[in-house]
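All remarks here apply to the structure that follows.
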Amino acid sequence: MKRFVVVVLLCFAFSTLYSQKAPSKKEQKAQQVTALQVSALKNEGNKAFAIKDYKTALAKYESAMAIWGNQPADYAMIYSMGTCAYSLNDMPKALKYFDMSIAAGQNLDMAYQYKGCVMQARKDTVAYIRTLKEGLAKVPKSIALKSSLSKYYDAEGDKHYHKAIEILKYATGQVNAGKYSSSDKAFKAENERARKELNDALKLYNSGLELTPSEEHIKKAKSNCVTQLQMLI
């Protein structure tokens with residue numbers, strides 16, 4: 001019985017092997033022609049890209065991709081397609097090609113940077129931060145991704161800090177105008193509002209400094225924030 005099974009399997013293997021016929025001369029010729037066309041289009045795209053003619057470059061690359069066939073994907077070209085589309089302000093195409101690069105694990109640092117820029121162009125802050133964080137998870141040593149995320153934390157920290165200062169100015173003005181004293185509940189409530197904003201700012205500044213420890217603006221902003229917290233009643 002075992003011998004019978006082995007024979008059947010061998011027959012199946014041979015029948016499969018012979019069913020996979022080698023391409024005919026005509027098919028081989030067609031494949032060679034296609035490969036030459038792809039190569040020519042790609043070279044034309046590269047020349048246009050080199051002189052920053054992004055519209056022509058993208059058109060040539062996309063024409064090459066349309067007839068690419070079963071050749072191995074050229075992710076360097078796909079990444080270039082993304083940069084062309086971004087330069088032409090075609091954000092949907094840019095996102096498509098950068099996502100293809102990312103999915104293939106190709107040129108991850110720059111692909112994530114560009115994808116972040118696409119999200120900024122869309123004014124999608126949530127997606128922008130998510131993109132930066134995903135990029136850093138894949139490329140933890142990326143200076144550019146760290147810097148971009150740090151700048152975001154810095155800017156958000158500043159918003160909370162300045163809001164706290166405005167709250168304190170208002171509360172002090174109310175005391176100076178005699179509308180309530182520094183011991184009143186109303187003043188203490190404003191004080192606590194300012195404290196919350198300062199603590200939120202401090203968390204954001206700390207997040208920024210974890211990414212860029214030598215950033216002087218964040219260090220100074222954090223110092224000012226700590227000083228304001230210590231001055232609160």
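The values are calculated or read from the model by the stated rules, or taken from the named source; none is laboratory data. Just so we're clear, the structure is a prediction, and the values are computed from it rather than from any experiment. Glycine gets a Cβ as well: all are built from the backbone with ideal geometry, and neighbour counts include every protein chain shown.
In the stretch 28-114, which helices (runs of 4 or more DSSP H) lie fully inside it and hold 3 or more residues that are assigned by TED's automatic domain parsing to the domain that holds LEU136, within 30 Å of ILE143 (Cα to Cα) and charged (D, E, K, R)?
In the stretch 28-114, 91-103 are the helices (runs of 4 or more DSSP H) which contain 3 or more residues that are assigned by TED's automatic domain parsing to the domain that holds LEU136, within 30 Å of ILE143 (Cα to Cα) and charged (D, E, K, R).
Go through (1) surrounded by 14 or more Cβ atoms within 10 Å (Cβ to Cβ); (2) of a type in the set (Gly, Ala, Ser); (3) modelled with pLDDT under 95 for SER24 and report which single condition fails.
With (1) surrounded by 14 or more Cβ atoms within 10 Å (Cβ to Cβ); (2) of a type in the set (Gly, Ala, Ser); (3) modelled with pLDDT under 95 applied to SER24, the lone miss is (1).
Output the number of residues of the stretch 148-186 satisfying the condition of being in a helix (DSSP H, G or I), surrounded by 12 or more Cβ atoms within 10 Å (Cβ to Cβ) and over 44 Å from the mean Cα position of the chain (by Cα).
The number of residues fulfilling the criteria is 3.
Which pairs do you get when a residue that is closer than 19 Å to ASP74 by Cα, found in the stretch 107-123, comes within reach of a residue that is at pLDDT 95 or above and assigned to a loop (DSSP other than H, G, I, E, B), reach meaning Cβ atoms under 6 angstrom, with the pair 6+ apart or on two chains?
LEU108/VAL139; ASP109/VAL139; ASP109/SER142
Hey, does the stretch 114-133 have a residue that's more than 24 Å from SER150 (Cβ to Cβ) and not aliphatic (A, V, I, L, M)?
No: the stretch 114-133 contains no residue that is more than 24 Å from SER150 (Cβ to Cβ) and not aliphatic (A, V, I, L, M).
Output the number of residues of the stretch 64-105 satisfying the condition of being among the aliphatic types (A, V, I, L, M) and closer than 22 Å to ASP124 by Cα.
8
Which of the following residues is within 30 Å of ALA111 (Cα to Cα) and either among the basic types (Lys, Arg) or touching a residue at least 12 places away in the same chain (Cβ under 8 Å) (or both): TYR153, TYR161?
TYR153
Do any residues in the stretch 203-216 that are outside any helix (DSSP H, G or I) have Cβ atoms under 8 Å from those of residues that are surrounded by 17 or more Cβ atoms within 10 Å (Cβ to Cβ), where the two are at least six apart or on different chains, and which pairs are they?
THR212/LYS146; THR212/SER150; THR212/ILE218; GLU215/SER150; GLU215/ASP154; GLU215/GLY208; GLU215/LEU209
Taking ASP74, is it over 23 Å from the mean Cα position of the chain (by Cα) and free of Cβ contacts under 8 Å to residues at least 40 places away in the same chain?
So ASP74 does not fit the description; no.
With the checklist (1) more than 25 Å from GLU216 (Cβ to Cβ); (2) of a type in the set (Val, Ile, Thr); (3) touching a helix residue (DSSP H, G or I) at 6+ places or on another chain (Cβ under 8 Å) in hand, flag the one item VAL126 doesn't pass.
Against the list (1) more than 25 Å from GLU216 (Cβ to Cβ); (2) of a type in the set (Val, Ile, Thr); (3) touching a helix residue (DSSP H, G or I) at 6+ places or on another chain (Cβ under 8 Å), VAL126 comes up short only on (3).
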